[in-house]
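To keep things clear, I will list the structure first and then write my remarks on it.
Every number in this text was worked out from the coordinates using simple rules, so none of it is lab data. For clarity, every value in this text was computed on a predicted model and none was experimentally measured. Note that each Cβ is placed from the backbone with ideal geometry, even for glycine, and that neighbours are counted across all protein chains shown.
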Amino acid sequence: MGGASVAPRMSLRGRDVISIRDLSREEIEEILAAGRRMIPYAEGSKVSRPLADQIVAMAFFEPSTRTRLSFESAVQRLGGSCITIADMSATSMRKGESLSDTIHMLSGYADAIVIRHPNEGSARLAARVSAKPVLNAGDGAGQHPTQTLLDLATMQEAFGTLAGLRVVLLGDLRFGRTVHSLAYALALFGADLVLTSPPTLGLPEELKAPLEHLGAKVTTEPDIARAVADADVLYVTRIQKERFPDEAEYRKVAGSYRIDASVLAHAKPRLIVMHPLPRAGEIAAEVDATPHAAYFRQAFLAVPVRMALLDAVLGEPKRKG
Amino acid sequence: MVRELKIVPIKNGTVIDHINNGLALEVLRIINVQSLDKDSTVSIAMHVRSAKHGWKDIVKVENMELSPRKVNAIALIAPTATISIIRDFKVQSKRNVDLPDRIVGVLKCPNPNCITHQPEPVESEFAVESRRPVVLACAYCERVVDDFRQHLA
């Protein structure tokens with residue numbers, strides 16, 4: 001293998017990663033550190049091929065652009081190759097084949113499986129069926145652990161730490177389980193959380209208590225300007241139309257959560273604005289040119305972070321030292 | 001005073017005693033009385049004085065022993081229940097119901113979008129996250145079940 005050994009030194013080899021809770025704080029830290037070391041390899045300025053001769057199956061049972069492409073890029077940057085199901089209509093599942101059977105088959109064709117599927121719990125089921133490691137790339141409204149990892153990586157790169165950061169979570173905090181995973185991980189690392197959402201889309205109480213139990217200070221601030229005033233990170237999520245009884249109600253709420261230059265006028269100079277993308281009008285294009293915009297960097301960091309995880313799960317066993 | 005139970009002893013079968021007051025009908029639903037041998041007698045006593053719990057319900061079923069799965073379901077809704085196996089009018093064994101760490105095939109996941117509702121070769125499975133109060137989470141989608149009586153399979 002060319003290049004440095006950049007894999008984390010923990011034992012993620014052969015493991016499934018279905019939920020961020022499958023990883024300990026130490027394991028998350030190691031993946032983030034390995035992700036930082038992977039950046040020049042992700043950019044192509046250095047070359048490392050720990051996944052040479054390995055095949056990763058991309059089992060995407062619902063549409064996804066950046067998650068699938070960044071995983072494919074990550075595999076190929078590490079010297080591996082991909083086999084891909086990107087269009088469900090072209091698979092036997094249309095003919096009534098179960099997910100279990102499809103995964104069983106794929107685990108015979110590949111060394112690991114990356115899965116995105118519309119049903120919650122599908123990735124856990126896939127992990128039980130597959131003889132090879134399964135990485136969850138989003139199961140319905142359920143878990144999306146690599147998104148959480150790259151979100152943490154973006155904040156850590158900007159501030160050098162996660163502890164003590166004041167992070168505003170803005171948008172649908174009730175149903176958005178990606179936000180739930182992120183809130184859990186941020187609490188685990190000692191960040192403080194400010195929750196800003198329409199009244200009907202607040203973080204469920206039963207999820208708030210465990211965050212406080214982890215030691216996080218959790219406050220609710222419905223006013224965006226006040227929430228942003230002393231924040232380090234503004235994490236914006238989509239407000240989904242289907243959560244509202246009618247179009248007019250949706251427009252009212254969506255309009256009140258639009259981030260533009262005027263909202264950021266009183267923000268700290270170092271505030272970063274993040275978004276898992278694609279955005280649908282939540283962040284005005286004028287924000288892109290400000291130093292606050294971190295969402296494209298966040299999208300890029302998907303590659304080195306996913307490389308770090310793939311290398312940890314699949315890479316060659318590393319020599320001691 | 002002579003202690004008298006108002007239902008008759010059974011020769012062979014199962015006595016589920018110390019059921020939380022008012023839950024005998026739930027227990028019957030779990031046992032699925034319709035599926036029993038037509039010659040089996042089922043007796044129910046509700047709102048009976050109990051030395052331990054104030055008031056309790058009792059269910060006696062002839063010629064039936066409970067599967068471990070049904071015992072788990074009873075443990076969920078009536079955690080104080082005891083189960084006695086009767087053979088030839090004698091108590092052969094008596095034990096408390098005990099909630100296992102994982103509950104398989106007893107409840108349906110309350111999340112309609114959970115993979116366990118799809119035509120997959122998979123049984124529902126819940127992890128017992130807390131025992132007092134009982135908190136269960138789907139082993140697949142992680143949805144927490146608060147009112148499991150509504151979700152018995």
Considering Cα pairs under 8 angstrom that are at least six residues apart, work out the relative contact order of chain A and quote it in whole percent. 22
Quick one: of A:Lys132/B:Lys108; B:Lys52/B:Lys94; B:Lys60/B:Lys108; B:Lys38/B:Lys94; A:Lys241/B:Lys108; B:Lys56/B:Lys90, which pairs are farther than 18 Å apart, Cα to Cα? A:Lys132/B:Lys108; B:Lys60/B:Lys108; B:Lys38/B:Lys94; A:Lys241/B:Lys108; B:Lys56/B:Lys90
With contacts defined as alpha carbon pairs under 8 Å and 6 or more residues apart, what's the relative contact order of the stretch A:145-299 in percent? 23
FRET efficiency, B:Val144 to B:Val91 (Cβ-Cβ, R0 41 Å, nearest 0.05): 0.60
Ranked packing of A:97-106, B:61-70, most packed first, by mean Cβ within 10 Å: A:97-106, B:61-70
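Helix-only mean residue ellipticity at 222 nm, chain A, DSSP H runs n ≥ 4 weighted -39,500 (n - 2.57), per residue, nearest 500. What is it?
For chain A, the value works out to -12000 deg cm²/dmol.
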For B:103-113, mean number of other protein chain Cβ atoms within 10 Å: 2
Taking Lys and Arg as +1 and Asp and Glu as -1, residues besides A:Glu72 with C-beta under 12 Å from its C-beta add up to +4
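Where does each of B:30-37, A:142-149, A:279-286, A:184-191 land if you order them by average Cβ count within 10 Å, highest first?
A:142-149, A:184-191, A:279-286, B:30-37
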Between the Cα axis of helix A:66-77 and the main Cα principal axis of chain A, the angle (0 to 90°, nearest 10) is 40
Calculated FRET value between A:Asp53 and A:Asp246, using beta carbons and R₀ = 60 Å, to 0.05: 0.60
Given the peptides A:116-124, A:16-24, arrange them by the average over their residues of other C-beta atoms within 10 Å, most packed first. A:116-124, A:16-24
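Could you compute the FRET efficiency for B:Glu123 and A:His104, with r as their C-beta to C-beta distance and R0 at 22 Å, rounded to 0.05? Write down the numbers at each step before the final one.
On the way: r = 17 Å, r/R0 = 0.78.
Here the calculated transfer efficiency is 0.80.
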Rounding to the nearest 10 and keeping the result within 0 to 90°, find how far the Cα-based axis of helix B:68-77 lies from the longest principal axis of chain B. 90
Over all distinct Cα pairs, what is the inverse of the mean 1/r for the protein assembly as shown, reported as the Kirkwood hydrodynamic radius in Å? 25.2
For the stretch B:84-144, which trypsin sites (Lys or Arg not before Pro) are both in a DSSP coil and crowded by at most 16 other Cβ atoms within 10 Å? none
Other chains near B:120-126: what is the mean number of their Cβ atoms within 10 Å of each residue's Cβ? 4
Chain B: relative contact order in percent, alpha carbon pairs under 8 Å with at least 6 residues between: 21
